[in-house]
Amino acid sequence: MAHDVLITGIGLASSLGEGIDTHARALAAGTAPIVDETSFAPYPVHPLKPLELDRQIPKKSDQRQMEPWQRLGVYTAGLALDSAGLKEDAETKSKLQVIVAAGGGERDHAVDSAILTGLRGANQPGPFLNERLMGDLRPTLFLAQLSNLLAGNIAIVHGVTGASRTFMGEEQAGVDAIRTAHARIAAGQSEVMLVGGAYNAERRDMLLLFELGGFLRTGSFAPVFAREDAPGLITGSAAAFLVLESAEHAKARGAHAHARLSHVGAHRSRRQPGSVAKGLDQLLGGFGPAAPGALAISAATGCAGITAEEAAAIAAAAPKAKRIATGDLVGHAVEAAFPVSVALAAAALSADAAQEAIVTGAAHWRGEGAARLVKA
């Protein structure tokens, strides 16, 4: 690990709005969350604050061919490039590598509904299903929109022509996206990378999937670490992209650094009682002791058991830290949850809210991640 890794660009969008300053102020002030408890009742959701898409996606044709999660991701990637001073730097964008944490893409609800309704009365369900899938799906759909289209649209809209990778796998995709980008730059394999993810929570298909697993909270909003009465996720539409850069590359172009990303780690436990706390203990222990006055920003889900274990690991690693749950501000953004939490930590350090921050996140199903940031 010969190279320091700096965060030189931050793009953030959520129910609170967009931009570094908006989210840094919300962190400092403990802004009340924006929650919609009626549109998807009985499940509360943090809805995305409307964006002026033309500012980052100027062509209406580009906007129309993207689903909401892609528009959100492409928009936020543009914010990160602006923040890093790279939007007009064609030379740097030609070598800028992209790593995206993505889910399975968005489904066409009208097609789903028509097929499911028709299946009930079909004499031959198999042939009926094949015929409808072949005739009703758009070319960009394989039941859901292709996940790697987000990276492709970032390249098209923003002129980023370096290599790209798309990671799938719920929360752990976000952890491994950040971890891989950090490791490549630290090892000298890359000089500058754009990494992040986006999630659209206002989707009945995703709420159905989480509810079938028993992972959603019902009823009213409650803070992440105070959901014992009805444990579970309250999802939120959010996206974060970061420009990670080696210190040498950033210095050569005179870039401002928001924070230094010193450590990122991932763990995967079998989710026996105590395994989440143990995994996070190992990750955080490897980062060294937390500084007095550090921030602890948690991407905890609110699900039963694992949330309490994550709280215990934070208390053990940084007993005097100010603990903030990302879900209390913007909701749980699944693949984007860890990138959003790292972006919030970097925004806080950039705004002089602290000298150091640790970020943790235990996935709702399996996988844990942690990161450490220090003031640049």
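Here are a few things to note about the model shown:
- Dipole-positive endmost among 373, 11, 354 within the chain (Cβ charges, Cα centre): 373
- When the pairs 49/322; 93/278; 93/320; 87/278; 87/320; 251/278 are compared against a 31 Å limit on Cα-Cα distance, 93/278; 93/320; 87/278; 87/320; 251/278 fall above it.
- Computed on the chain, with alpha-carbon pairs under 8 angstrom and 6+ residues apart, the relative contact order is 26 percent.
- Surrounding net charge for residue 294, when Lys and Arg each add one and Asp and Glu each subtract one, Cβ distance under 13 Å: +4
- Charge context of residue 280, other residues only, Cβ under 10 angstrom, K/R +1, D/E -1: -3
- Counting only protein heavy atoms and a 1.4 Å probe, the chain has 41 square angstrom of accessible area per residue.
- Protection proxy ranking of 104-110, 244-250 - average other beta-carbon atoms within 10 Å, highest first: 244-250, 104-110
- Extreme residue, positive dipole direction of the chain, given options 338, 45, 124 (C-beta unit charges): 338
- In terms of its alpha-carbon gyration tensor, the range 255-309 comes out prolate; a/c meets the 1.5 threshold, and the first ratio a/b outweighs b/c.
- Summed residue charge, Cβ within 14 Å of residue 78's Cβ, Lys/Arg positive, Asp/Glu negative: -2
- Proximal aspartates and glutamates to residue 60, defined as alpha-carbon separation beneath 15 angstrom and excluding residues fewer than eight positions away on the same chain: 52
- Dipole size of the range 202-321 about its Cα centre, with +1 on Lys/Arg Cβ and -1 on Asp/Glu Cβ: approximately 240 debye, rounded to the nearest 20.
- Counting only DSSP H runs of at least 4 residues, each contributing -39500 (n - 2.57), and dividing by the residue count of the chain, the helix-based mean residue ellipticity at 222 nm comes to -11500 deg cm²/dmol.
- Computed from backbone phi with θ = phi - 60° and the Karplus coefficients 6.51, -1.76 and 1.60, the 3J(HN,Hα) list for the range 89-96 is 8, 4, 5, 5, 5, 6, 10, 5 Hz; x is used for glycine and proline.
- Around the Cα centre of the chain, unit charges on the Cβ atoms of Lys, Arg, Asp and Glu (plus for the first two, minus for the last two) sum to a dipole of about 420 debye.
- Carbon + sulfur, % of accessible area of the chain - ligands and nucleic acids excluded, 1.4 Å: 54
- Table column - 3J(HN,Hα) (Hz), the range 229-242, Karplus curve with 6.51, -1.76, 1.60, x for Gly and Pro: 5, 8, x, x, 6, 10, 7, x, 6, 7, 8, 8, 10, 10
- Antiparallel beta bridges, as assigned by DSSP with both residues in the range 172-310, represent about 90 percent of the total such bridges.
The values are calculated or read from the model by the stated rules, or taken from the named source; none is laboratory data. This is a predicted model, so every value here is computed, not measured. All Cβ positions, glycine included, derive from the backbone under ideal geometry; neighbour counts span all protein chains shown. For the accessible areas, the whole protein counts, side chains as well, though only heavy atoms, and no ligand, DNA or RNA atoms are used. Shrake-Rupley method; radii C 1.70, N 1.55, O 1.52, S 1.80 Å.
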